[in-house]
Structure formats: structure tokens, C-alpha cells
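Below: one structure, written as C-alpha cells.
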Amino acid sequence: MNFPWKRNLYVLWLGVFFCSTAYSMVIPFMSLFIAHDLGVTEHLTLWSGVAFGITFLAGALISPYWGSLSDKYGRKPMLLRSGFALSAVYLLYFFVKDPYQLIAVRILSGLLAGYVPSAIALVATNTPEKHVGYSLGIMSTAGAAGGIIGPLVGGSLSKFIGYRESFLASGCVVLISALIALIFVKEQNFDRNRERSHVLDDLKEASANRPLMGKLFVVLIVTASVMVLEPLLSLYVLDLGASASNASFSSGIIFSAVGISTVIAAPLWGKIGERIGYRNTLMIGLIGGGVGNILQHFFHSLVGFGVLRFVYGLFFAAVFPALNALIVQATKPEFRGRAFSLNQSASQLGNMVGPIAGGALGGWISIPIVFVLNGLLLAITAATLRWKSLFGSGRPKERKLSNS
């Protein structure tokens, strides 16, 4: 490969960073927007859960289709389609008048999404083989960095300029992602004469790869674990004593605590994974995340809760980089782009199940109990993986990844 793959890597890192920032900007105030601007007073946690989750259901269903089109027309056109379309969708939030219109816009947002998986697929298929693991590791930090900045920016903007105006700001940030792809991204490792893959064929090939399917299932579980708390944290911050006027700002800080610890710890976990294996690194992350969730039940001050979320993030930072590395190990280079498209579908399903489950549970049991159940889910997942590694059959030996 004689084209500048490093330029693509760094430019797309910026694009994914801005796209993730735009999404996470709305997290701290979405529940408050539903309550205050849309006037929802009954079943607020359920409405919040549906609003968060329905976007990801739509995205999970459509993602394999967009992946199939990207095989035919290229990943860069998919970047442009998603970036410009989503920037327009964010403008529609400004005109939403009731929760039903909000749900419709959230569905449209999910159907038109695809910037992040297209960026990852482009990097995975336009990078020399010996640098694929390194490049995907770098890309995984873009979402975490956006998750840090987004809640802080969104929480601050919603406090000073209002909820609707903050949606407009998110649209401008997504537009930057689209312009970055339009001007700077170059895709050369692509054969436009090859036949377009069919979704059913991709699913059949993936289902025959048991190690890959196992990783995708874990992706679904851990993503749901993260997202189950999304519609609840802003409300829980109020229970911990934050004033209504500062709730979105305080939520933004607490959301960002996990992102900050992730950026700090992820490079260290990458080095640890090279020494002890990515499967063992994944186990440590799952157990640490499970214990961290359970301990949240016992902290009842904003400061203590925020500190614990930060420590939880230090351990949970091991999970997604390890899973990405294991997916690379479990797939052939020619199927890797489609594998990450399916990985995105699994992640989107988790993103859908998590908020809906969190919203439903939050209306039925206390929020601290949800933390405990979430921690138990991660611990059970870790125990299941450990059991299979000890007593399962046919587990492939880990393949060493090249790093630069």
C-alpha cells in the first residue's frame, strides 16, 4: 500500500471524535428535555429509555444493509451519506413538539447513521495488515475522547443556551465530521467491480465462525450494560442532591468521568493485553466493571459517586479494546470490514436494549438496585467466559497482533 494510510487514520480519528461528541452532547439533557420542554410527567423513565433505545434498534436493523452498500460503492460515500444526513436530522430536534415526534426523529437518526462503522471499516481495509491491530486500537480511543468532551459541552450548553439550541450545536459538530471525510479521506484499497455482498450471506458466514459470534454476543451484553444507566443517571443526580438548574451540568461531569479514565487506562490495557492475552484482559475488565457497578449502590453523594465512576472506568476501559482485538484475531482480513459492520449491529442492539431496560427497571425498582443488577450481569458474563475457557472445546489459540 503506497497511499497515506496514516493520514486516513488520523483524519478519521478526528471524524469519529466529532461524531461521538455530537451524540454524547445530548445524553445529559435528553431526559430533562423530555420532562421540561415536551411536558412528560408520567412514566418519564420509560419515555427516556425508549427515546434512547429506539435509535439503536433502527441502526441495528439497517447497519448490515449499509455495510453491503459500502462493499459496492465504497466506505467514503457511506461516510458522506451519514455525516450530511445526520447533520440535517439534528436540525429537526429543534422543531419537536411532543414525545411522539421526538421518537420519530430518533428513528430517522438511527436509520441514517453509520459514520463510525464506515470509518472503522475504511481504516481496517485500507491499512497494511501488520498495522491493522494498532490502527483499530487508535480508532477505539476516538469514541472515548468524544464521550469525554460531549457530555461536558452538552451539559454546559444546555444550561446556558437551552436544550433545543444544543441540538443545533450537535448538528454543526456532525457537519464537521462530514466535511473532514469529504476533503481529507482517500480510499484506494477498494475494487468497484466486485459483486455486492448480500446480508444473508454475510450472516451465514459469520454464524459459521463460532469465535466471532461469541465476541459479538459479549459486545451486545457489555454495550447494554453501559447503556442501561444512560436514561437514569441524570435523574439519579437529582436524587443525590443536585439542583434542577444544575442537573444537566452535573450529569455531564459524571458522564465524562468514565470517559476520562478510559482515555487514561486504555493504552495501558493495550500493553497489558499484549503480555497476558486479550482474553485475560477482557476478563479483568468485566470483573472490575461488575464490582464497580455493585459498589455504586453504596455511594450517596455526588462527589463520592463521581469518584467511583472514574475508578470503575479505569477497569472497564479494558473491555472494548480487548473485544476489538479478539474480533480481529477471529476473522480473515477479507471479511474484517463486514465483521465490524456486524459488530456495530451487535453494539446497536445493546444500545437499544440497555436504555429501554434501564427505563423500565427505573420505573419499577430503585435506581441503586439497577446498579447492582448491572454489576451482576457483568460478573456472570466473566464467569461464563472463564468456564468456557477452562472446559469448552474448540477454542482457537490467540494469534499475535502486529503493532507499530
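The values are calculated or read from the model by the stated rules, or taken from the named source; none is laboratory data. Remember, predicted model here, so these are calculated numbers, not experimental data. Cβ coordinates were reconstructed from backbone atoms using ideal geometry, including for glycine residues, and neighbour counts include every protein chain displayed. When the accessible area is computed, the model is the full protein with side chains, heavy atoms only, and any ligands, DNA or RNA have been set aside. Shrake-Rupley method; radii C 1.70, N 1.55, O 1.52, S 1.80 Å.
Which residues, counting only those in the stretch 21-37, are open to solvent by 20 Å² or more (accessible area, probe 1.4 Å) and under 21 Å from S177 (Cβ atoms)?
Y23, the sole residue that qualifies.
Within the set of pairs 6 or more residues apart or between chains, which connect a residue that is surrounded by fewer than 19 Cβ atoms within 10 Å (Cβ to Cβ) inside the stretch 355-370 to a residue that is of a type in the set (S, T, N, Q) with Cβ atoms less than 6 Å apart?
Note: pairs meeting the criteria are G363/T45.
I want to confirm something. Restricting to the stretch 296-336 and keeping residues that are under 21 Å from L238 (Cβ atoms), open to solvent by 50 Å² or more (accessible area, probe 1.4 Å) and hydrophobic (A, V, I, L, M, F, W, C), which single residue is modelled with the highest pLDDT?
Across the stretch 296-336, the extreme among qualifying residues is F310.
Given G313, G273, which one is assigned to a helix (DSSP H, G or I), more than 24 Å from L212 (Cα to Cα) and out of contact with any Phe, Trp or Tyr (no Cβ under 7 Å at 6 or more places or on another chain)?
G313
Of the residues Y90, Y10, Y65, which single one is assigned to a helix (DSSP H, G or I), of a type in the set (S, T, Y), at negative phi and modelled with pLDDT of 90 or more?
Y90
Tell me which residues, restricted to the stretch 276-310, are part of a helix (DSSP H, G or I) and closer than 15 Å to I367 by Cβ.
If the condition is that a residue be part of a helix (DSSP H, G or I) and closer than 15 Å to I367 by Cβ, then N293, I294, L295, Q296, H297, F298, L302, F305, L308, R309 are the ones that fit.
Could you please tell me which pairs satisfy a Cβ distance under 7 Å, a separation of 6+ or placement on different chains, a first residue in the stretch 15-36 that is closer than 17 Å to L157 by Cα and in contact (Cβ under 8 Å) with a residue 40 or more places away in the chain, and a second residue that is assigned to a helix (DSSP H, G or I) and among the acidic types (D, E)?
Pairs found: I27/E230.
Given the residues A124, A145, which is the only one that is assigned to a helix (DSSP H, G or I) and at pLDDT 80 or above?
A145
Against the definition (closer than 30 Å to V370 by Cα, surrounded by 19 or more Cβ atoms within 10 Å (Cβ to Cβ) and either in contact with a Ser or Thr (Cβ under 9 Å, 6 or more places away or on another chain) or at pLDDT 85 or above (or both)), how does V40 come out, yes or no?
Spelling it out, V40 is indeed closer than 30 Å to V370 by Cα, surrounded by 19 or more Cβ atoms within 10 Å (Cβ to Cβ) and either in contact with a Ser or Thr (Cβ under 9 Å, 6 or more places away or on another chain) or at pLDDT 85 or above (or both).
Go through the stretch 134-166 residue by residue and tally those that are in contact with a Leu (Cβ under 8 Å, 6 or more places away or on another chain) and either open to solvent by less than 30 Å² (accessible area, probe 1.4 Å) or without any contact (Cβ under 8 Å) to a residue 24 or more places away in the chain (or both).
5
Given (1) within 17 Å of G259 (Cα to Cα); (2) open to solvent by 20 Å² or more (accessible area, probe 1.4 Å), where does Q344 come up short, assuming only one miss?
Unmet for Q344, out of (1) within 17 Å of G259 (Cα to Cα); (2) open to solvent by 20 Å² or more (accessible area, probe 1.4 Å): (1).
Of everything in the stretch 43-55 that's crowded, with 23+ Cβ neighbours inside 10 Å and modelled with pLDDT under 80, which residue is nearest to V153 (Cα to Cα)?
If we take residues in the stretch 43-55 being crowded, with 23+ Cβ neighbours inside 10 Å and modelled with pLDDT under 80, then F52 is nearest to V153 (Cα to Cα).
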